[in-house]
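These notes concern the structure reproduced below.
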Amino acid sequence: MKTLKILVGIAFVIAVSAFALDKVSGNKIVKGYTIGDVATDFKLKNIDENYVSLADYKNAKGFIIIFTCNHCPYSVAYEDRIIALDAKFKPLGYPVIAINPNNPKSYPEDSFDNMKIRAREKGFTFPYLLDDGQVIYPQYGATKTPHVYVVEKTDKGNVVKYIGAIDNNYKDANTATQKYVEDAVHALLKGEKVPVQITKAIGCSVKA
């Protein structure tokens, strides 16, 4: 009888813990992709009111997909570097695709209208898409803003080759000693293996 009570108690604790985890994650348990997975395409609204998917880029060799937003200081710190990545690699076949994963009801600063304003202020040269309904970021497994996925277009689909941070110093681009995204794309363009495939994304938590 005592053993039964203990087992019931353990089951209750597990159930409560699972409920709490579900609440913390906003009913979205994030697992996502790992290296070598084929990333699902999407069709999301861009700040120009048009819908964008990876399939639209017929001549692309791959993509630098960055989950980012307006309000997060980490995202703001990386904006110029994201613009520079697009300028450098879009002509070589790896354009930046930025996606705002946050719920605008939780953070009005990340609303679609404010995305338009921010993109205009900064002169974004890449699509800035709204993950309306927050469907795409859990598929990828993004947990931070910014969180980067470099994918290579292959016969199998868009294969994930790098996941993580842009570089190793969000405070100062000039003192970053490891430029993970640049190194990944350079390697892919040469047909080589990405030297560092996974790093820890540093930023604000995605807001459900």
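Here is the figure for the range 65-77: residues that are out of contact with any Cys (no Cβ under 6 Å at 6 or more places or on another chain), open to solvent by less than 10 Å² (accessible area, probe 1.4 Å) and not in a loop (DSSP other than H, G, I, E, B) total 3.
Tell me, which residue of the range 30-54 that is more than 17 Å from LEU130 (Cα to Cα) and surrounded by 12 or more Cβ atoms within 10 Å (Cβ to Cβ) is modelled with the lowest pLDDT? Filtering the range 30-54 for residues that are more than 17 Å from LEU130 (Cα to Cα) and surrounded by 12 or more Cβ atoms within 10 Å (Cβ to Cβ), the one modelled with the lowest pLDDT comes out as VAL30. Please work out which residue is surrounded by the fewest Cβ atoms within 10 Å (Cβ to Cβ), limiting yourself to the range 131-150 and to residues that are of a type in the set (A, V, I, L, M, F, W, C) and closer than 17 Å to VAL96 by Cβ. Once the filter is applied, the top-ranked residue is ILE136. Counting only strands (runs of 3 or more DSSP E) that sit completely within the range 112-174, those holding 3 or more residues that are at pLDDT 95 or above and over 22 Å from LYS45 (Cβ atoms) correspond to 147-154, 157-164. Within the range 86-123, if we keep just the residues that are touching a residue at least 24 places away in the same chain (Cβ under 8 Å), more than 17 Å from ILE166 (Cα to Cα) and among the hydrophobic types (A, V, I, L, M, F, W, C), the residue that is most open to solvent (accessible area, probe 1.4 Å) turns out to be LEU92.
The values are calculated or read from the model by the stated rules, or taken from the named source; none is laboratory data. Owing to the predicted nature of the structure, the values given are computational and were not obtained by experimental measurement. Every residue, glycine among them, receives a Cβ derived from its backbone with ideal geometry; neighbour counts consider all protein chains shown. Note: areas computed on protein heavy atoms with side chains; ligands, DNA, RNA excluded. Shrake-Rupley method; radii C 1.70, N 1.55, O 1.52, S 1.80 Å.
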